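**Q** Take a look at this one; I'll ask things after.
The values are calculated or read from the model by the stated rules, or taken from the named source; none is laboratory data. Keep in mind the model is a prediction, meaning the values are calculated, not measured. Because the Cβ atoms are built from the backbone with ideal geometry, glycine has one as well, and the counts that use them run over all protein chains shown. These area figures cover heavy atoms from the full protein model, side chains too; ligands, DNA and RNA do not enter into them. Shrake-Rupley method; radii C 1.70, N 1.55, O 1.52, S 1.80 Å.
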Amino acid sequence: MDIGWDDLVGSALLGTERRRPSGVVGDAEEAAAGLLDAAAAGVVRRRAGLRPGVAGERPAVAVADGRAELPDAARQRLGTLLSDRSAGSGGHRRGSAPNLAELLPQWLAAAREEGYAAPPEMLPALLDAARARTDLRADALAFAGPRGHWLATLNPDWRYALRAGSGAVAGPEPEGPEQVERLWEEGLFAERVALLTRLRLTAPDTALELLVATWKSERAEDRLMFLDSLRTGLSAADEPFLEQALADRSRNVRATAAELLSALPESALAARMAGRARSCVSLGPDGIVVEAPYECDAAMERDGVAPRPPNGRGERAWWLGQLVDAAPLSTWPARFGGRTPEQIIALPVLDDWQPDLHASWCRAAVRQRDAGWARALLGPPPAAAAPLAAVGDPAKLLSILPEAERAEWVAAFIAAHGLSEAFQMLGVCAVPWAAPLGRAVVDALDIARDAGSYPWSFSGVMGLAERCLDPAAAAQVAALAGGGEEPPDSAPGATAYWGEAFQRLSSTLGLRAAMLGELRSG
């Protein structure tokens with residue numbers, strides 16, 4: 001029988017009683033058997049007649065990774081962490097078992113710092129992990145190296161690694177000016193951003209020349225991203241280009257250029273904004289007098305002042321804030337008779353302008369990374385009985401201070417006020433936490449346990465402690481894991497839950513110590 005495949009399928013769907021293929025005879029049972037025989041013959045014929053596909057072009061060979069191989073113990077540890085990376089998710093109570101998923105970021109950061117190459121056989125799992133967790137990408141993709149870049153080009157699921165901006169997998173470095181220019185002119189957007197970012201660290205003038213050469217032909221959204229790359233290595237040499245960008249067609253590009261110029265205290269824009277801010281803020285016999293602008297003129301708009309305030313904000317306060325934000329902080333000691341930042345902040349501000357003025361100085365201190373003004377605006381940590389009335393964002397101001405001073409300030413704050421307002425501040429402290437800060441956190445957790453609350457009320461801080469406490473603190477934490485008597489006013493079972501939480505923290509610190517030892521044994 002020579003029956004077409006479509007006829008066989010049609011008969012199978014409709015039944016041989018309604019549609020019998022040609023050549024199939026007999027009663028119903030014989031017709032059904034004949035149909036199956038014909039289908040079997042048809043399958044053999046279709047398979048036997050299948051033409052092999054044309055072989056595709058072989059992929060290019062991956063660039064060699066010259067970094068050192070992982071020690072065996074570290075390699076096994078990475079395999080465990082990658083296979084258990086979903087542990088701890090799902091919102092279930094964790095008991096006393098360490099959360100391996102939270103250890104993976106630390107392991108990757110340490111491996112990257114030690115300069116190891118990722119084991120080739122673990123690259124797929126590593127790229128999958130970085131795909132699932134954006135917080136892993138910067139370290140995971142740097143650890144994956146050029147082999148990771150090569151692999152990511154072969155699998156659509158890993159394309160994120162090629163367009164992840166500064167967190168993208170490092171591709172082969174261009175050799176020589178010609179390759180650099182070719183990559184800049186012909187590369188993918190992510191490759192061009194990565195190139196610009198790298199050059200800003202090593203050859204900022206070259207990066208600027210590349211950007212200037214193609215600036216007018218770039219799309220507005222690309223111009224914005226490229227301009228943002230200039231934050232790295234920003235210097236007075238960038239000022240002429242940024243001044244030109246103030247006249248860009250895109251409002252966002254103009255705003256970013258103005259922000260970058262205001263971070264250069266010697267720039268012409270900073271001088272213009274200082275002049276405007278001085279005309280609004282002066283020192284009278286009773287304190288600081290503020291006369292906010294009555295209009296936002298064209299020159300102010302050209303220098304990046306947004307004319308329309310957000311909902312709920314008055315126009316004059318909005319314009320004043322932008323002027324003071326962009327004025328160099330060196331403006332104010334000269335404006336106020338040579339006073340120090342501490343003396344200026346202590347001056348009374350008339351007519352309820354203090355919150356606006358001090359908040360602007362906070363933003364300026366962060367933008368200009370002025371530790372002196374940040375220190376003055378923060379002041380000493382508030383005493384235990386003092387009300388918490390933060391000006392600006394304390395965490396951002398703290399981020400400017402030296403690491404040791406930052407840790408000391410936060411430790412004193414926690415000792416006075418506990419942990420409820422300290423989470424953001426802890427997040428900007430250097431890791432591992434300095435010993436005084438670590439002791440303050442553990443002591444505050446112990447006090448919270450004695451107060452009878454449940455440990456999950458402090459789950460955010462506990463998670464930070466697992467990642468940031470120095471492993472040397474494991475003994476102090478283990479001593480708290482033994483539990484004790486239930487406080488009379490505590491929540492039911494709280495002491496046992498705290499015991500589990502401290503046991504988990506102690507175990508995690510022990511694992512972190514082991515991980516670091518394995519990575520440093522090579």
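**Q** Leaving out ligands and nucleic acids, and using a 1.4 Å probe, what accessible area per residue does the chain come to in Å²?
**A** Heavy-atom SASA per residue in the chain reads 52 Å².
**Q** Could you please put Asp356, Asp393 in sequence from largest to smallest accessible area, using a 1.4 Å probe?
**A** Listed by decreasing accessible area, they come as Asp393, Asp356.
**Q** Here is a further query. For segment 1-130, max minus min Cα coordinate along each principal axis, in Å, sorted largest first?
**A** Principal-axis extents of segment 1-130 (Cα, largest first): 78, 46, 20 Å.
**Q** Now for a different question. In the set [x] 0.98; [y] 1.36; [z] 0.92, which value of Cα Rg over 2.2 N^0.38 Å was calculated from the structure you see?
**A** The value matching this structure is [y].
**Q** If r is the Cβ-Cβ distance from Ala415 to Ala268 and R0 is 45 Å, what FRET efficiency results, to the nearest 0.05?
**A** My answer for the efficiency is 0.45.
**Q** Helix 459-468 sits at what angle to the longest principal axis of the chain, using alpha carbons and giving 0 to 90 degrees rounded to 10?
**A** 90
**Q** Turning to a different aspect of this structure: Note the angle between two axes, namely the Cα long axis of helix 189-202 and the longest principal axis of the Cα atoms of the chain, as a number of degrees from 0 to 90, rounded to the nearest 10.
**A** 40
**Q** Relative contact order of the chain, please, whole-number percent, based on alpha carbon pairs below 8 angstrom and at least 6 residues apart.
**A** After rounding, I find 10 percent.
**Q** Segment 276-369: D in µm²/s via Stokes-Einstein (Kirkwood Rh, Cα pairs, 10 °C, 1.306 mPa s)?
**A** 117
**Q** Heads up, I need the accessible area for Glu209: 1.4 angstrom probe, whole protein in place, Å², nearest 10.
**A** 130
**Q** If you don't mind, another one. Pop out the carbon and sulfur fraction of the accessible area of the chain as a percent, whole number, probe 1.4 Å.
**A** Ligands and nucleic acids excluded, carbon and sulfur reach 53 percent.
**Q** Something else now. What length, rounded to one decimal in nm, is gained on full extension from Glu342 through to Ala97, with 0.36 nm per residue of separation minus their alpha-carbon distance?
**A** 83.4 nm
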